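The values are calculated or read from the model by the stated rules, or taken from the named source; none is laboratory data. Fair warning: this is a prediction, and the values are worked out from it, not measured in the lab. Please note: Cβ atoms are built from the backbone with ideal geometry, for glycine as well, and neighbour counts cover all protein chains shown.
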Ligand code: 13P
């Protein structure tokens, strides 16, 4: 049985469903656990992720796929069931982060290049055997206008790597999520975010075209167009929606079946409200949904705090965010629904 890339991609952006990004590297999950006073061990990481994958209602109804880290795709639940099997039993697709992280770009202070292409063909074959049907590669584009960051060299190098990664994925029967993340951390305004996002996406699709990547079997994971966190300004969901949709209309071919956003450090409700505003402004030529890490997991992490007694509360917190974002993916969310718990 071979699954078509196009069908996997469509299932990843099915109506009212989105992706759970649970692929924090060991360093990042330690940071998240430090914040809730939990020691990061192989078992604590397993227990935490298992509780989400066993949140049946959320997984079945609102989660199309889960992005895993290398450790997790090989891990078994406390009762011996592979975590991948729990995800599949809930009807969701297992995915895998395959990049090796962003490293300083030689010669361009402040810019990074994402590494991980060496040996990727063999790793993808292994991940396919372990059950992965999609993958993720994150390129990081920072903005610092005083330092000429990002450079054109950084954008070009990262988009070229994304295209080489995407082609290798498709060769292996795996749908690539291409993630060119323009960071939301800086002091820049919303129009600068728009400009950098536009240049980046134009370059990305040019490289994907040059690499002969099948766009119908590809999912884009972008940032939203918003002002930098340190800019001292906030944009309304309507403005975020208008500028984000404008940049997509200018750069993203309609052959791409779906766009699944990263949350990038927005508050839970902000990430939901902005996604909702975009879908409410439809019809759109692509499905627009979520592929959130922090905006799905901040609430369950806080509720869990590493205690067995809190597992149900944590599952409920996760289910609530999954349901809210599932509604936002259809433009059916409203702030009143948040209060209903
Ligand atoms: P955030 O939603 O926390 O930004 O994470 C998504 C992700 O997968 C980043 O690579």
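Working only within segment 14-29, note down all residues that are away from the ligand (no atom under 13 Å from the Cβ) and surrounded by 15 or more Cβ atoms within 10 Å (Cβ to Cβ). Let's see the steps before the verdict.
Keep residues of segment 14-29 that are away from the ligand (no atom under 13 Å from the Cβ), which gives 14-17, 26-27.
Residues satisfying the conditions are 14, 16, 17.
Can you name the residue in segment 275-285 that is out of contact with any helix residue (DSSP H, G or I) (no Cβ under 6 Å at 6 or more places or on another chain) and touching a residue at least 24 places away in the same chain (Cβ under 8 Å) and is also nearest to the ligand (Cβ to nearest atom) among such residues? Even if it seems obvious, please write down each step before you answer.
Applying the first criterion (out of contact with any helix residue (DSSP H, G or I) (no Cβ under 6 Å at 6 or more places or on another chain)) to segment 275-285 yields 279-280, 282-285.
Of the ones still in play, those that are also touching a residue at least 24 places away in the same chain (Cβ under 8 Å) are 279-280, 282, 284-285.
On the way: 279: 18, 280: 21, 282: 22, 284: 21, 285: 24 Å.
Among those that are out of contact with any helix residue (DSSP H, G or I) (no Cβ under 6 Å at 6 or more places or on another chain) and touching a residue at least 24 places away in the same chain (Cβ under 8 Å), it is 279.
Residues in segment 125-134: is at least one within 16 Å of the ligand (Cβ to nearest atom) and either within 21 Å of residue 292 (Cβ to Cβ) or at pLDDT 95 or above (or both)? Step through it out loud before you land on a result.
Step one: list which residues in segment 125-134 are within 16 Å of the ligand (Cβ to nearest atom), which gives 132, 134.
The next check asks that each one be either within 21 Å of residue 292 (Cβ to Cβ) or at pLDDT 95 or above (or both); those that pass are 132, 134.
Yes - at least one qualifying residue is present in segment 125-134.
Mind telling me which of the residues 73, 63 ends up being without any contact (Cβ under 8 Å) to a residue 60 or more places away in the chain and within 16 Å of the ligand (Cβ to nearest atom)? Break it down into steps so the answer makes sense when it comes.
Numbers: 63 fails: without any contact (Cβ under 8 Å) to a residue 60 or more places away in the chain.
Of the residues listed, the single one that is without any contact (Cβ under 8 Å) to a residue 60 or more places away in the chain and within 16 Å of the ligand (Cβ to nearest atom) is 73.
Test each condition in (1) in contact (Cβ under 8 Å) with a residue 40 or more places away in the chain; (2) away from the ligand (no atom under 16 Å from the Cβ); (3) more than 26 Å from residue 30 (Cβ to Cβ) for residue 242 and report the one that comes out false.
Only one criterion in (1) in contact (Cβ under 8 Å) with a residue 40 or more places away in the chain; (2) away from the ligand (no atom under 16 Å from the Cβ); (3) more than 26 Å from residue 30 (Cβ to Cβ) is unmet by residue 242, namely (1).
If you scan segment 246-268, which residues turn out to be closer than 23 Å to residue 186 by Cα, in contact with a helix residue (DSSP H, G or I) (Cβ under 6 Å, 6 or more places away or on another chain) and more than 16 Å from the ligand (Cβ to nearest atom)? Spell out how you get there, then give the answer.
First pass over segment 246-268, keeping only residues closer than 23 Å to residue 186 by Cα: 246-248, 260-268.
Subsequent filtering for residues that are in contact with a helix residue (DSSP H, G or I) (Cβ under 6 Å, 6 or more places away or on another chain) retains 247, 263, 268.
Answer for segment 246-268, where residues must be closer than 23 Å to residue 186 by Cα, in contact with a helix residue (DSSP H, G or I) (Cβ under 6 Å, 6 or more places away or on another chain) and more than 16 Å from the ligand (Cβ to nearest atom): just 247.
Which residues, counting only those in segment 224-239, are within 18 Å of the chain's Cα centre (by Cα) and either assigned to a helix (DSSP H, G or I) or farther than 26 Å from residue 317 by Cβ (or both)? Give the steps one after another, and end with the answer.
Residues of segment 224-239 that are within 18 Å of the chain's Cα centre (by Cα), as a first pass: 224-226.
Scanning segment 224-239 gives a single hit, 225.
Can you confirm whether residue 297 is assigned to a helix (DSSP H, G or I), in contact (Cβ under 8 Å) with a residue 40 or more places away in the chain, crowded, with 20+ Cβ neighbours inside 10 Å and under 17 Å from the mean Cα position of the chain (by Cα)? Full working, then the answer.
Details: assigned to a helix (DSSP H, G or I): yes; in contact (Cβ under 8 Å) with a residue 40 or more places away in the chain: yes; crowded, with 20+ Cβ neighbours inside 10 Å: yes; under 17 Å from the mean Cα position of the chain (by Cα): yes.
So residue 297 fits the description; yes.
Residue pairs, Cβ under 6 Å, 6 or more apart or interchain, first in segment 259-273 and closer than 14 Å to residue 234 by Cα and in contact (Cβ under 8 Å) with a residue 24 or more places away in the chain, second more than 12 Å from the ligand (Cβ to nearest atom) and not in a loop (DSSP other than H, G, I, E, B). List them.
273/237
Modelled with pLDDT of 95 or more, under 22 Å from the mean Cα position of the chain (by Cα) and within 16 Å of the ligand (Cβ to nearest atom) - does that describe any residue in segment 206-216?
No - not one qualifying residue is present in segment 206-216.
Within segment 286-329, count every residue that is away from the ligand (no atom under 16 Å from the Cβ) and touching a strand residue (DSSP E or B) at 6+ places or on another chain (Cβ under 9 Å).
The total comes to 2.
Do we find a residue being at pLDDT below 95 and surrounded by fewer than 16 Cβ atoms within 10 Å (Cβ to Cβ) anywhere in segment 73-84? Working first, answer last.
Here is the first cut: in segment 73-84, the residues at pLDDT below 95 are 78.
After this cut, where a residue has to be surrounded by fewer than 16 Cβ atoms within 10 Å (Cβ to Cβ) as well, the list is 78.
Looking for residues that are at pLDDT below 95 and surrounded by fewer than 16 Cβ atoms within 10 Å (Cβ to Cβ), one finds at least one in segment 73-84, hence yes.
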